[in-house]
Amino acid sequence: MWIKEIIIEGFKSYAQRTVITNLDPEFNAITGLNGSGKSNILDAILFCLGLSKEYDTLRIKKLQELIYKNGAAGITKAEVTIVFDNRSKEQSPLGYQDCDKITVTRQITADKSKYFINGKSETQKNFKNMFRSVQLNIDNPHFLVAQGRITKIINLKPQELISMLEETAGTSLYNEKKREAQKLIQKKEEKLKQVNEIIETEIQPQMQKLTDEKNIFQLWRAQEAQILVLKKDLFSYDYYQKAKTLRMKKNDLQIVNEQISNQEEKMRYENAEISTIQEKIQSLQEQNRNNKYDQITEKYKEKQKLVNTLEKQVQNTRRQKETIESEKIKLEHALRTYQTDKERTDQKVEIADRQLKQVSDELKEKKELLDEQTGQQNSSEDGNIAQNGKQMIQRQINDTISHIDSNRKDLEQVNERLQRIDNHMLSSKTIYEQMQKEATNLDTKIELLKKRIEQSESEIQKSSSLEQQLLDLKSNRGDLDQQLLEIKKQISQSQPFIFQLNLSRMKDWDQNRVYGKLFSLFEVKDEQYMKALEFGAGAKLQNIVVDDSTTSTYLLKNNILQTHSYIIPNKEIQSSEAKKEFVQAAAQIAKENDGFAKPAIDLISFSDKVINSMKFVFGNFIIASSMDIARKIAYHPSNVQKCKVVTRDGDIVDPSGTLTGGYTNEKAQLLPKFKSFNKWNLEYKDIQGQIDKIESQIEKIKQDIEFKEQLNREITQDKYQLEQLMIKQRKSNQFNFQNEQNKYLNEIQDLQVEQERLKKQIKEGEDKLIELKKELQLIQQGKNTKELIQAQIDRTKKEINKLKQQIDQQKKELIQNQVESQNFEQEIAKCTKKIKEETNNLDKTSATLDSIIHELNTNKDQFLKITEEKNLYESKNAIHNNQMTRLLEQLQERQKFLNSTVEQLNGHQNELKKLEREQHDLKQQLKSLEDQYDFIRQDKNELSQDRLSEKFRVLETMEYEKTKQQFQRLEHDQGKLGKQVNFKVEAMTEQVEKEFQSLKDKKLILENDKSMLIQNMGELDDKKIKTIEKCFLEVNKDFSSIFSSLLHNAQAKLGRLDGLSIEDGIEMNVSFSHQQKNLSELSGGQRSLLALSFILALLKYKPAPFYILDEVDSALDLSHTENIGQMLSQNFKQSQFLLISLKEGMYQNANVLYKVQFVDGVSKIDRHELKKKKQQQLK
């Protein structure tokens, strides 16, 4: 729908009829000078759409100013007509889809305004609603962007911005409907208040008065009838009660006689049981006297002591053997050390002796040389002296050379020997290191084995009593097995199938939905009530309780139980419970008769999930302490539910008049049997738990014994291994190798000393050789021969002195080495002797150890046999003791039962005497009543029956004294009531009740209408929020896109307020090059573009048929104006635009341009076709 034509007449500056025709369906522009009337065209459109009170928008103060010159120029009305093209049915207003053209007109005179649609007069509301249906809400015209609105948008508060968004989303209609609904709710509340006021102030007081009068009338009428009936009932009641009591006494007498017979039978049974138990006790005592347990125990202690002693002797002998072996090893090591040291000392003696001989020979030669030199010196002929001296020096030179050569040869031999030793030690180093490593490992293994043996023996010592513990546990296990067998026997004899429920065929159903048999779902709080509870519940105890009727149907339909069964669906069962008044009355009756009366359901405990079933079975009867109390309670007037009363002995008094009781077989009672069954099951589980615990302990002790035996085996193996390692240690070559190495080291040391000595002698010989050669040369040169000879003599003397010192030193060393050799020989003899002694000791100790071990093993075997025999006797004794204990407990329990039976028998005998007296008294009283009253004699047979005829049925629940007082009170009250009765009260009450019902119906309708309105308001709120959320997302997307297209490198987006919902408001955020900016930092043009982008995004979300833009480009420069114009022409083709602008850059993008001029006080319009012009320019 778009504007096709606008007709303006008498509106503002358009005095004459002005027709604006052929508007473009897309983009129209209006331009003109200020004051020419171009904005009045937009005002005319708004006026025609129904704008009335928003005078600021139309730039007026009152509506009359819209008429040309305020009507002063002879024009008395203003009229605007707009013709809409409605061929696009998607934008058609509701109800006008069949119209291709819609003409709307609005007229205004001085005092009224008229609206027309297609020539038909319409109300302002219908007029506006038509435009609202196509997003043209004139009361909030978002399709209008008026002058100055751009700058205002920037300064709008968050709540005002969200209001614009709501208008765009179309949720303003929701707000209006909500306001209308609130007004309706207020009206409904006012009407409700009026209705409630009428009911409270008029109807209810009137009804209360009539109710009181009606109660008085009904009371008078009821009392009148009662007085007539009570007269005869009072006289019949006494006879009836006495006859009834007499019959009960006869029944009681029979019951007591049966109870006395039962008690006597029980006494005979208990006495027989006691005699049987006493015989068993005597038999066990006789068996214990023939027991040999004490003799076996004494043998056990003696043998245990002997075994312990032998084990200690074995340990001590082993330690003694180890000490001897260790000492022997040390002696053998010492022997080898002494032998090595002696060999070295003997070598030193040999070397010293050889060197001493060499030095002595050299000393002899030196002395001969000295003699020769001295004889040469004494010669008188110089020629002979020189010749002899020359020969003598030459001989010395030869001797010196010979000595040097000899020493060098010895040195070479010493060096060769050192080299051979070094090579041998180098080649033996790896072997030595390996031997040393093996020796270290051997020592470590020996120490570890010793520690392990010590720890294992310590563990064995700690676990010395394991065998005894095992035997004790086995004995206890035997006792428990015996008890378990007896309990199994008891359980099997108790007919366990009665108490168990077989649900094995229940494959496709949850078994937890079957709760079980009723008697298994509760516990009796006190055993004295057990019999009464069983007789009161009767066969219902065997009923099966399930969760609901679905499960019960499933069980029956599929024959799950395979027996004829009664099933209680817990959820659907109709339970009953004695009224509180009756329970209180029963307790009071029992208290007055020194007894008790309690509801059966209060005497049991059960789970809440089966409460309906328990009320169904136990809720409708009372348990009383005696028959007399039971009768009084059963026939009490307050027993309107006809609850039966059960005595503690199981006799049942029914309010209908029947009495159930007599002899009962207590052994056949279900609840005691079930209690015993549970008790045996608990005992069975307890004993089984003890057996499992003992089994666990036995298994652990067996493991400990196995571990102990394993330790013994390991100790034997470890000791054997230790012995082999110590033998290996003794035979190890490491010590011999070490001695050999030490020997070589000592030899190296001695050779190095010899090497230094030989080197020194060679050096001295060489020095001497040089001197001799010098002397020989001097003699040959004819030098002073005598002086040379004297020098040689002096040198020879020095050499002789030195050799003497050497001989003395070598003699001392030889003697010292000879002494050390003798000492080593003595030590070797001592070690050899001690080793022989230790070897003898070791042989003796080993023999002793083998003997003790043999004796220990023999005694251990004997000890094991004695232990088994002892355990056998202990097991038998334990069984006898347990049997004795159980028999004594049974004897005590039977004696207790016997005493209780005797006490009950005495009580029943006393009760029998009392009943006989009461029976005699009642017969006398009945005869007296028959003689006194004729009508009793006539009705005597009927009044003496257990069940009265209908005529006398009221007497069954009547209380005589209370009825008599009631009769007297009724007669007295009836006289007073006759003066107060309003006999028209029933008709008056019916009329007021009809009026009251009418008001209640009206009130209900008002309340329903109010609830529906509140519900509709909630639904409207939900729809509103969803619509706003959708609008916000799409508008935000378009807002960002439009702003970025209008302003390069700029971004904008809408944001929610922190921590608040979208209904609380939104805000605009701007950034340039992704740098956040505050709105106050923007220029005027940027602010206008931001606001315009927001408006255009709103327009794009849900387009209206047309949009009006009034000078939105006033703050923009030319480039931005052109961009906006191009964007509108290209991107908003779905709506019609009417744009007012003074800038060519804006309106040149329009398809049609209207230029407005103000001529002679009247605005005139010229139309220009720009679209064709642009197409021609493109061509």
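Over segment 994-1101, the fraction of Cα-Cα pairs per 10 Å bin, rounded to whole percents and listed from the shortest bin up, is 13, 31, 21, 11, 9, 8, 5, 2, 0. Here the scattering of segment 491-686 is modelled by Debye summation over its C-alpha atoms, one equal scatterer each and no solvent; at q = 0.08, 0.14 Å⁻¹ the log10 of I(q)/I(0) is -0.30, -0.85. Both radii come from the Cα set of segment 1-118: Rg as radius of gyration, Rh as Kirkwood radius; their ratio Rg/Rh reads 0.98.
Tell me which label goes with the value of Cα Rg over 2.2 N^0.38 Å computed from the coordinates here: (i) 2.14; (ii) 1.05; (iii) 1.00. It is the one labelled (i). For segment 874-898 and segment 1018-1068, compute the distance between their C-alpha centroids and round to whole Å. After rounding, the separation between the Cα centres reads 93 Å. For segment 520-529, 3J(HN,Hα) computed residue by residue from phi via the Karplus equation (6.51, -1.76, 1.60; θ = phi - 60°) reads 8, 9, 9, 10, 7, 5, 9, 5, 5, 9 Hz, glycine and proline entered as x. Only helices enter the 222 nm calculation for the chain: every DSSP H run of n ≥ 4 contributes -39,500 (n - 2.57), and dividing by all residues gives -24000 deg cm²/dmol, rounded to 500. In segment 843-934 the Cα-Cα distances spread across 5 Å bins starting at 0 as 3, 9, 7, 7, 6, 6, 6, 5, 5, 5, 4, 5, 4, 4, 3, 3, 3, 3, 2, 2, 2, 2, 1, 1, 1, 0, 0 percent of all pairs. Put simply, the amide H of residue 625, placed in the peptide plane, has neighbours under 5 Å in 596, leaving out anything fewer than 5 places away on its chain.
Here segment 820-914 is treated with +1 on each Lys and Arg Cβ and -1 on each Asp and Glu Cβ, and its dipole about the Cα centre works out to around 860 debye. Here residue 923 is the anchor, and the lysines within straight C-alpha reach of less than 19 Å, apart from those fewer than 8 places off in the same chain, are 242, 244, 249, 250, 913, 914, 940. Ranking of 607, 1045, 625 by neighbouring Cβ atoms within 10 Å, starting from the fewest: 607, 1045, 625. Pairs from the table (303/865; 488/540; 609/675; 367/804) lying more than 20 angstrom apart at Cα are 488/540; 609/675.
Here's how it looks for residue 1136: its modeled amide H is under 5 Å from those of 1106, 1107, which are all 5 or more places away or on a different chain. Across segment 599-652, Cα-Cα pairs farther apart than 14 Å form 53% of the total.
When you count the other C-beta atoms within 10 angstrom of each residue and take the mean per peptide, 812-823, 475-486 line up highest first as 475-486, 812-823.
Using the 10 angstrom Cβ neighbour count as an exposure proxy, how do 920, 142, 1168, 403 rank, fewest first?
Sorted ascending by nearby Cβ count, the order is 920, 1168, 403, 142.
In terms of other Cβ atoms within 10 Å, 618, 519, 606 run from fewest to most in the order 606, 519, 618. Among the listed pairs 69/178; 114/177; 62/89, a Cα-Cα separation exceeding 31 Å is found for 69/178; 62/89.
None of the figures in this text is laboratory data; all of them are computed from the coordinates on show. The model shown is predicted, which means the values in this text are computed figures rather than measured ones. Neighbour counts are summed over all protein chains in view; Cβ atoms, including those assigned to glycine, are modelled from backbone coordinates with ideal geometry.
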